[in-house]
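Participant: Input: one structure, supplied below.
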Amino acid sequence: MIKVENLVKTFGPKRAVDGVSFSVERGEVLGFLGPNGAGKSTSMRMITGFIPPTEGKVFVGGYDMVENPIPAKRMIGYLPENAPAYTDMTVNGFLNFAAELRGLRGEDRKKAVNRVVEMCFLEGVIHQSVDTLSKGYRHRTCFAQSIIHDPDILVLDEPTDGLDPNQKHEVRNLIRRMGEKKAIIFSTHILEEVEAVCSRAIIIDRGKIVANGTPEELKQRSDYAGAVSVRVLGVPGETVRQRLGAIPLARKAAIVREAPEYVHARVYPQGNQRNGELARSIAEVSLKEGWKIEELHTEEGRLDEVFRAITLPDTVKENNR
Amino acid sequence: MNSAVANVRTIAKRELGGYFASPVAYVFIVIFLLLCGFFTFMLGGFFERREASLVSFFLWHPWLYLFLVPAAGMRLWSEERRLGTMELLLTMPITAWQAIVGKFLASWLFLALALALTFPVVMTVNYLGDADNGVIFCGYIGSLLLAGAYLAVSCLTSAMTRNQVISFIISVVICLFLILAGWPPVTNLLVRWAPEWLVSGVVAFSVIPHFDGFQRGVLDSRDLIFFLSIIGFSLFATGVIIRNLRSGH
Ligand SMILES: Nc1ncnc2c1ncn2[C@@H]1O[C@H](COP(=O)(O)OP(=O)(O)O)[C@@H](O)[C@H]1O
Ligand SMILES: [Mg+2]
């Protein structure tokens, strides 16, 4: 539904987006990850036709966004960053305005407004002026605007930014539910969100895609992926480290935390295996040694760690230059 | 085509609603009417003239509009930029032209409404004497076109910045130039050193001779074209500025 080819955007000498290509099909929720200033919003502005690309192409439902913007824009619902809305309108007026620009008239318009008001829990503020809304409500008002025409494609720039935990949860559920029938791109820098909602994630750093895969695939890249975390009671840390490090399947063992009553160690596997064999060997060793085990599990890998590993070193390099 | 008209209307309706959603519209209209009355009756010597015409009423419009029209137009695009709603508006399935024209027409309509509320002065001259309503009508057309020209300039300056005050000041300066360009003290100043073509070029920009044409009751197509081309040019330039903003230059 969305196809982006070698997208480039330069602002003066700066390449804010630098050769980004990907595609999103119906039924997919694509998470757009990246540190601040990575070029997420700029990419989304090009996809939604707000700014023209310096180079490259955007196809939306087969229409070229530059050559044929009107039919392309019809298919998209867009929630810009910071959820802008006309402050001099009421929520109702604003949603009706959006519906009219989307070509909805009369009864259809009323139905559409009622539908999104219900979906986004706006009943209580419908006649309130936008500038008196709390941030969460204003965000949801703008979100409601983006789905008013039930678009096939949704582009959401930080849709959970500024919401409280309950609202975040609601919005995530909404995105996941809508993602079954639509193609959705949303940007975020909250990593749990990616695991909770996305079927695929792209990590972008300084304008370039640095990783692209399902959240599980990305987690595999983590150092922790396949490592076994173990908590042992009443044994000195050094003993635990040496004994577990000597297991043939283990590459090394490290102490995470040594408290008076317990030791928390992490054992890294040889190679990239994560089939649970390492955990079984550790259980056998503990049994033989007579250790009291409080906790034992194989780690899946952590997205935040992958994220940092991919996006941080270069930033540090840049700063040191 | 139909949808273009519908889009322009939707945008204009919203913009007009925006004026009346705050007290600004009412304050504006009251100030406009008060100043109109003040200029006409106190400075213009409406009664002293002892003639049933609105010369003293229209005489001051170029100066009155100089501040009031930029005040009405300064928010058009700068507010859109400040709130970030421009991104919302221009990613809707509409063209930038529809948005520019819709917003302009809404403000123009608002000014037309304020102007229409001066109707008591027309009734007064008709009551006092035998007024030539053709000339008066013509005067109103001229005044409306003048307001439209200033407004288009304000529209242009409001697209240049997200700061309404700056937008206001720049547009007052440009409008002042449009008034003064044909004013003898200014042209005399120019004549001393500027080449002939530059002087006549500057004078050609002056709104006053064209405005005066309407006040004499002459509907000259050249005057009409003059105002319409200022409007057209300014709106076109607004479109160029918005396009440049979007491409990030
Ligand atoms: N209109 C603009 N003019 C100049 N630079 C810009 C403009 N918009 C964005 N940038 C720059 O482009 C880079 C990417 O910005 P953005 O896409 O907003 O990042 P993100 O949304 O990932 O935080 C930033 O360094 C930003 O300063
Ligand atoms: Mg951003």
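The values are calculated or read from the model by the stated rules, or taken from the named source; none is laboratory data. Every value quoted in this text rests on a predicted model; they were computed, and no experiment measured them. As a convention, Cβ positions derive from the backbone with ideal geometry for all residues, glycine included, and neighbour counts pool all protein chains shown.
Participant: Let me confirm something: among B:TYR19, B:TYR65, which residue is in a helix (DSSP H, G or I) and away from chain A (no Cβ under 14 Å)? Explain how you work it out, then say what you get.
Facilitator: Values: B:TYR19 fails: away from chain A (no Cβ under 14 Å).
Every option except B:TYR65 fails the conditions.
Participant: Separate question: Among helices (runs of 4 or more DSSP H) lying entirely in the range B:165-249, which contain 2 or more residues that are surrounded by 13 or more Cβ atoms within 10 Å (Cβ to Cβ) and touching a strand residue (DSSP E or B) at 6+ places or on another chain (Cβ under 7 Å)? Please lay out each step first, then the result.
Facilitator: Working: elements: B:184-191, B:196-204, B:208-215, B:221-247.
Those helices (runs of 4 or more DSSP H) do not exist here; none qualify.
Participant: Would you check if A:GLY49 is away from ligand 2 (no atom under 13 Å from the Cβ), in a loop (DSSP other than H, G, I, E, B) and at the interface with chain B (Cβ under 9 Å from one of its Cβ atoms)?
Facilitator: Details: away from ligand 2 (no atom under 13 Å from the Cβ): yes; in a loop (DSSP other than H, G, I, E, B): yes; at the interface with chain B (Cβ under 9 Å from one of its Cβ atoms): yes.
In short, yes.
Participant: Here's something else I'd like to know. From the list A:ILE70, A:ILE147, which one is over 25 Å from B:VAL240 (Cα atoms), of a type in the set (A, V, I, L, M) and away from ligand 1 (no atom under 16 Å from the Cβ)? Write out each step before concluding.
Facilitator: On the way: A:ILE70 fails: over 25 Å from B:VAL240 (Cα atoms).
From the options A:ILE70, A:ILE147, the qualifying one is A:ILE147.
Participant: Within the set of pairs 6 or more residues apart or between chains, which connect a residue that is away from chain B (no Cβ under 14 Å) and farther than 29 Å from A:GLU195 by Cβ inside the range A:1-30 to a residue that is more than 16 Å from ligand 2 (Cβ to nearest atom) and not in a strand (DSSP E or B) with Cβ atoms less than 7 Å apart?
Facilitator: The qualifying pairs do not exist here.
Participant: Let me ask something else. If you go through the range A:74-84 one residue at a time, do you hit one that is within 22 Å of the chain's Cα centre (by Cα) and away from ligand 2 (no atom under 16 Å from the Cβ)?
Facilitator: Within the range A:74-84, the first condition is being within 22 Å of the chain's Cα centre (by Cα), and the residues that meet it are A:76-84.
After this cut, where a residue has to be away from ligand 2 (no atom under 16 Å from the Cβ) as well, the list is A:76-77.
Yes - at least one qualifying residue is present in the range A:74-84.
Participant: Let me ask something additional. For the range A:181-292, list the helices (runs of 4 or more DSSP H) that sit wholly inside it and hold at least 3 residues that are modelled with pLDDT under 85, away from ligand 1 (no atom under 16 Å from the Cβ) and hydrophobic (A, V, I, L, M, F, W, C); which are they?
Facilitator: Working: elements: A:191-197, A:215-220, A:237-245, A:277-289.
Fully inside the range A:181-292 and qualifying: A:277-289.
Participant: Residues of the range B:1-31 being among the polar types (S, T, N, Q) and either buried (at least 17 other Cβ atoms within 10 Å of the Cβ) or under 22 Å from the mean Cα position of the chain (by Cα) (or both), which ones?
Facilitator: Start the filter on the range B:1-31 by keeping residues that are among the polar types (S, T, N, Q), which leaves B:2-3, B:7, B:10, B:22.
B:ASN7, B:THR10, B:SER22, listed by residue number.
Participant: Here is a list: A:LYS181, A:LYS135. Which entry is surrounded by fewer than 18 Cβ atoms within 10 Å (Cβ to Cβ), under 26 Å from B:SER22 (Cβ atoms) and away from every other protein chain (no Cβ under 13 Å)?
Facilitator: Values: A:LYS181 fails: under 26 Å from B:SER22 (Cβ atoms).
Checking each option against the conditions leaves just A:LYS135.
Participant: State all residues of the range A:99-137 that are in a loop (DSSP other than H, G, I, E, B) and more than 20 Å from A:GLN167 (Cα to Cα); if no residue qualifies, say none.
Facilitator: Restricting attention to the range A:99-137, the residues satisfying the condition of being in a loop (DSSP other than H, G, I, E, B) are A:102-105, A:120-122, A:126-128, A:133-134.
Within the range A:99-137, A:ARG102, A:GLY103, A:LEU104, A:ARG105, A:HIS127 qualify.
Participant: Just give me the residues in the range A:80-93 being within 9 Å of chain B (Cβ to nearest Cβ) and in contact (Cβ under 8 Å) with a residue 12 or more places away in the chain, in sequence order.
Facilitator: Within the range A:80-93, the subset within 9 Å of chain B (Cβ to nearest Cβ) is A:80-90, A:93.
Listed by number, the residues that qualify are A:PRO80, A:GLU81, A:ASN82, A:ALA83, A:PRO84, A:ALA85, A:TYR86, A:THR87, A:ASP88, A:MET89, A:THR90.
Participant: Mind listing whichever residues of the range A:197-212 are on the phi < 0 side of the Ramachandran plot, of a type outside the set (Val, Ile, Thr) and touching a helix residue (DSSP H, G or I) at 6+ places or on another chain (Cβ under 9 Å)? Walk me through it before giving the result.
Facilitator: Taking the range A:197-212 as the starting set, the residues that turn out to be on the phi < 0 side of the Ramachandran plot are A:197-205, A:208-212.
Okay, now just the ones that are also of a type outside the set (Val, Ile, Thr), so A:198-201, A:205, A:208, A:211-212.
Correct list: A:CYS198, A:SER199, A:ARG200, A:ALA201, A:ASP205, A:ALA211, A:ASN212.
Participant: Return the pairs, sorted by first residue and then second, in which the second residue is of a type in the set (Lys, Arg), the first residue lies in the range B:81-95 and is more than 7 Å from every other protein chain (Cβ to nearest Cβ), the beta carbons are less than 6 Å apart, and the residues are 6+ apart or on different chains.
Facilitator: Hits for this filter: B:ARG81/B:ARG162; B:ARG82/B:ARG162.
Participant: Look through the range A:19-46, keep the residues that are away from ligand 2 (no atom under 16 Å from the Cβ) and part of a strand (DSSP E or B), and return whichever of them is nearest to A:GLU158 (Cα to Cα).
Facilitator: Going through the range A:19-46, the residues away from ligand 2 (no atom under 16 Å from the Cβ) turn out to be A:19, A:21-29.
Then drop every residue that is not part of a strand (DSSP E or B), which leaves A:19, A:21-24, A:29.
Values: A:GLY19: 22, A:SER21: 20, A:PHE22: 19, A:SER23: 19, A:VAL24: 18, A:VAL29: 14 Å.
Among those that are away from ligand 2 (no atom under 16 Å from the Cβ) and part of a strand (DSSP E or B), it is A:VAL29.
Participant: Within the group B:LEU145, B:LEU105, B:LEU43, which residue is closer than 26 Å to B:ARG162 by Cα and either away from every other protein chain (no Cβ under 14 Å) or without any contact (Cβ under 8 Å) to a residue 40 or more places away in the chain (or both)? Talk me through it step by step, then tell me what you get.
Facilitator: Working: B:LEU145 fails: closer than 26 Å to B:ARG162 by Cα; B:LEU43 fails: closer than 26 Å to B:ARG162 by Cα.
Residue meeting the stated conditions: B:LEU105.
Participant: Turning to a different aspect of this structure: Among the residues of the range B:216-231, what is the count of those that are within 24 Å of B:SER56 (Cβ to Cβ) and without any contact (Cβ under 8 Å) to a residue 12 or more places away in the chain?
Facilitator: Residues that pass the stated criteria total 1.
Participant: Do you know which of the residues in the range A:80-95 that are of a type in the set (Ser, Thr, Tyr) and in contact with a helix residue (DSSP H, G or I) (Cβ under 6 Å, 6 or more places away or on another chain) is nearest to A:ASP131 (Cα to Cα)? First the steps, then the outcome.
Facilitator: The initial filter retains those residues of the range A:80-95 that are of a type in the set (Ser, Thr, Tyr), namely A:86-87, A:90.
Filter once more, keeping what is in contact with a helix residue (DSSP H, G or I) (Cβ under 6 Å, 6 or more places away or on another chain): A:86-87.
Details: A:TYR86: 8, A:THR87: 5 Å.
Only one residue fits best here, namely A:THR87.
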